[in-house]
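Peer 1: Just passing along the structure, written as structure tokens.
Read-outs: derived from the displayed coordinates by stated rules, not from any lab. Owing to the predicted nature of the structure, the values given are computational and were not obtained by experimental measurement. Positions of Cβ are backbone-derived with ideal geometry, glycine not excepted, and every protein chain shown enters the neighbour counts.
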Amino acid sequence: METIQFSQLSAAFEGCFGAPPRLFRSPGRINLIGEHTDYNEGYVLPAAIGRYVYVAMAPRDDGLIRLRSMDFPEAYEGHVDNLAVCDISWANYVLGILHGMQARGLSCRGFDAFFAADLPVGAGLSSSAALCCAAAFGLNALFDWPLHRLEMAELAQGAEHRYAGVLCGIMDPFASLFGREGHFIRLDCRSRAHTYIPFLTEHYQLTLLNTNVKHHLASSAYNQRRQECAQGLAWIQAHMPAASSLREVTMEMIDRYVAVRDETTARRCRYVVAENQRLLQLCEDLQRGDLAAAGAKMYETHAGLSQQYEVSCPEADFLVSHAQTAPAVLGARMMGGGFGGCILALVAREKAAAWEQDLGNRYEDAFGKTLSTLSVHPADGTSEMLI
């Protein structure tokens, strides 16, 4: 499938732009646990997966930027001296990357780029971060710039902030760029320190259940949740100045300084504090090979996201509720920013197909929607590919 994808993309590029390209890919990501903790300077546990945004690129010498996509009908043409936000949403991510590079003093002579993907959009798999990382990695290689992967991740995060209006944390681009086959990444979102945690199991697999409910983070409550966390922290800091983020906050501080002012804000903060603690404990579970304990924490995370952080949806709650009654499933939770997207489940490999079929039938009866499923495994990060 990958060879066909790259061959098709290369041919499309040459047919459109009349020159042979260089080819790059950047993966989507899953996150085993640690949701909405990244922008609160907490911990996350993501992994890259073997589904990608691909880009074929070639340099120009006239300052023009020409962008095409196999997945979207809109075409973009502009100039490196005018990187204003445009009406083409996917192109804005690329412009955001280029803007960040120019802000670092890096010069671009222009380029052609053709994008494609086998990564579902709006499913909570960070397709936008993968697009940004593919653009950043490709441009860095194309123009022989000296950026390392962490700088590219920061550029991708900045592009989403400035050009897409989503105040995301560092996790998504970091996972896309730093992925390692067979490992999750325990990432400290404050220091950027990271450790690879092996995920080695013959008997269980990670399955994505796509609700096919599309979420649009820029127009959802995602940014509102971030603001609520910042407000809760500010109320605490008025009494405890040493608390520089929610990772230094205790439940007692929340009860004393936040709950007395606004219970909704207190619930948001309680979830984040508990989630950081769960993540560190789950890493210990994986290192011991205790998948049952890890799965139980996935269920706890979903309950927190649904009831305290309030970013779930009826479809996601339905799937997780049914997973909890299935002996073949050790854990499940909604993943991503929320309000749709995918459920991540830890399922006995030999029973996964039957369980997915049964759950799909129940889901269609309940909501009239098709339940898409996909088995995933931690994969390597962004790279250049050769045909």
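Peer 1: Report, by chain and number, residues whose modeled amide H sits under 5 Å from the one on Met70, excluding near sequence neighbours (fewer than 5 apart, same chain).
Peer 2: Here Phe115, Ala116 satisfy the definition.
Peer 1: How much length is gained on full extension from Arg180 to Asp262, taking 0.36 nm per residue of separation minus their Cα-Cα distance?
Peer 2: Stretched fully, the Arg180-Asp262 segment lengthens by 25.3 nm.
Peer 1: Which value in nm describes the separation of the simple spin-label points at Ala238 and Phe143, placed 7 Å from the Cα toward the beta carbon?
Peer 2: Reported label-point gap for Ala238 and Phe143 is 4.6 nm.
Peer 1: Here is a further query. Could you work out how far apart the two model spin labels at Ala221 and Glu310 are, taking each label as a point 7 Å from the Cα in the direction of the beta carbon, and quote it in nm?
Peer 2: Between Ala221 and Glu310, the simple spin-label model gives 0.4 nm.
Peer 1: Extension gain Lys369-Asp118, at 0.36 nm per residue separation less the Cα-Cα distance, in nm?
Peer 2: The Lys369-Asp118 span can extend by a further 88.3 nm.
Peer 1: Also, quick follow-up: Please compute the net charge surrounding Gly110, taking Lys and Arg as +1 and Asp and Glu as -1 over other residues with Cβ under 9 Å from its Cβ.
Peer 2: Working: positive: Arg60, Arg66, Arg109; negative: Asp61, Asp62, Asp112.
Net charge in that neighbourhood comes out at 0.
Peer 1: Tell me which residues come under 5 Å, amide H to amide H, from Phe184 once H is placed; ignore anything under 5 positions away on its chain.
Peer 2: Amide H to amide H, under 5 Å and 5 or more residues apart or across chains, Phe184 pairs with Ile197, Phe199.
Peer 1: Then there's this: Once the Cβ-Cβ distance between Leu106 and Leu386 is put in as r, and R0 is 25 Å, what FRET efficiency do you end up with, to the nearest 0.05? Intermediate results must be reported in sequence, preceding the final value.
Peer 2: Working: r = 25 Å, r/R0 = 1.01.
That pair, Leu106 with Leu386, gives E of 0.50.
Peer 1: Oh, and also: Tell me which residues come under 5 Å, amide H to amide H, from Ser312 once H is placed; ignore anything under 5 positions away on its chain.
Peer 2: Under 5 Å from the amide H of Ser312: Phe339.
Peer 1: How many nm separate the modelled label positions at Asp81 and Gln231, each set 7 Å beyond the Cα in the direction of the Cβ?
Peer 2: 4.6 nm
Peer 1: How large are Rg and Dmax for region 204-376 when calculated on the C-alpha trace, in angstrom?
Peer 2: Computed over the Cα atoms of region 204-376, radius of gyration and Dmax are 17.7, 54 Å.
Peer 1: How large is ³J(HN,Hα) for each residue in region 200-207, as worked out from phi by the Karplus curve 6.51 cos²θ - 1.76 cosθ + 1.60 (θ = phi - 60°), to whole Hz, x for Gly and Pro?
Peer 2: Residue by residue, region 200-207 yields 10, 8, 8, 9, 10, 10, 9, 10 Hz.
Peer 1: Please list the helices of the chain that count as membrane-span-like by this rule: a mean Kyte-Doolittle hydropathy of at least 1.0 together with Cα atoms stretching 20 Å or more along the helix axis, each helix being a complete DSSP H run.
Peer 2: The answer, listed by residue number, is 127-142.
Peer 1: Between rounded, prolate and oblate, where does region 314-374 land on the alpha carbon gyration tensor, with a ≥ b ≥ c its root eigenvalues, rounded for a/c under 1.5, else prolate if a/b exceeds b/c?
Peer 2: On the way: a/c = 1.70, a/b = 1.20, b/c = 1.41.
Because a/c hits 1.5 or more and a/b fails to exceed b/c, region 314-374 counts as oblate.
Peer 1: Helix-derived [θ] at 222 nm for the chain: sum -39500 (n - 2.57) over DSSP H runs of at least 4, divide by residue count, nearest 500?
Peer 2: Calculated from helices alone, the mean residue ellipticity at 222 nm is -13000 deg cm²/dmol.
Peer 1: Also, I was wondering about something else. At 0.890 mPa s and 25 °C, plugging the Kirkwood radius over alpha-carbon pairs of region 109-186 into Stokes-Einstein gives what diffusion coefficient in µm²/s?
Peer 2: 185 µm²/s
Peer 1: Which order results if Leu386, Leu187, Leu106 are arranged by neighbouring Cβ count within 10 Å, fewest first?
Peer 2: Numbers: Leu386 7, Leu187 27, Leu106 15.
By the 10 Å Cβ count, ascending, the order reads Leu386, Leu106, Leu187.
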